[in-house]
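The values are calculated or read from the model by the stated rules, or taken from the named source; none is laboratory data. What you are looking at is a predicted structure, and each value in this text was computed from that prediction instead of being measured. So basically every Cβ, Gly included, is an ideal-geometry build from the backbone, and we count neighbours across all protein chains shown.
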Amino acid sequence: MCFELFKPLVKVLRLVDGDWRPSMGFVYGELKDAKKEIIKLCKDTKEIYEPIIQIIDSRAKDRLDSPLHLAGYLLNPYYYYRDDEAQKDPACMTAILTCVEAFFPDNFHVQHLVSNIELLKYKGMEGMFGKKLAKMGRMTNNDTFDVGK
């Protein structure tokens, strides 16, 4: 039971400790998935999983929860379109706005375009986000996915 319980976490550790470095959105998403899997393996018994999740969260705090990590997670179509939590998480939306303000500090026109137009297209799978290649990216958990291939 113990080995099975930590198997999802070992997967994440191997992912970040390899020669190839995944993007922040994948690391954050895989860690979220690992925590969900641990809870499931504990049969939703809070007394068992809560101390484990608290340790994971304490180690990730201020390392894997920056606005850039959260924005990368939200903008990763594999996680966004399959996870209702990502779509409704106010912390993720705040992170997007924080990043947009940081990337375009004095360009309110671009901030508006990204935050109020392009992000809505992304959420609604409109325009380029509704194309066949974009849909393939939603189904593929692969940080090296290349729409050109």
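Brief remarks follow.
- Boolean, GLU30 is under 28 Å from LEU119 (Cα atoms) and part of a helix (DSSP H, G or I): yes
- Residue list for segment 81-95, filter: outside any loop (DSSP other than H, G, I, E, B) and surrounded by fewer than 19 Cβ atoms within 10 Å (Cβ to Cβ): ASP84, GLU85, GLN87, LYS88, PRO90, ALA91, MET93, THR94
- Segment 40-56, subset more than 16 Å from LYS7 (Cα to Cα) and assigned to a loop (DSSP other than H, G, I, E, B), residue nearest to the chain's Cα centre (by Cα): ASP44
- Members of segment 44-57 found to be at pLDDT 95 or above and polar (S, T, N, Q), listed by number: GLN54
- Pairing residues of segment 102-130 that are touching a residue at least 12 places away in the same chain (Cβ under 8 Å) and within 22 Å of ASP89 (Cα to Cα) with residues that are β-branched (Val, Ile, Thr) and surrounded by 12 or more Cβ atoms within 10 Å (Cβ to Cβ), at Cβ distances under 9 Å and at least 6 apart in sequence or on separate chains, gives VAL114/ILE96; VAL114/VAL100; SER115/ILE96; SER115/VAL100; LEU119/ILE96; LEU119/VAL100.
- Filtering segment 114-132 to residues that are among the charged types (D, E, K, R), surrounded by 11 or more Cβ atoms within 10 Å (Cβ to Cβ) and more than 21 Å from the chain's Cα centre (by Cα) leaves only LYS131.
- Complete set of residues in segment 100-141 that are among the aromatic types (Phe, Trp, Tyr) and at pLDDT 90 or above: PHE103, PHE104, PHE108, TYR122
- Under the condition of being surrounded by fewer than 17 Cβ atoms within 10 Å (Cβ to Cβ) and at pLDDT below 90, the residues counted in segment 23-43 number 1.
- For ARG63, the criteria (1) basic (Lys, Arg); (2) in a helix (DSSP H, G or I); (3) free of Cβ contacts under 8 Å to residues at least 12 places away in the same chain hold in every case but one, which is (2).
- Filtering segment 131-146 to residues that are outside any loop (DSSP other than H, G, I, E, B) and free of Cβ contacts under 8 Å to residues at least 12 places away in the same chain leaves LYS132, LYS135, MET136.
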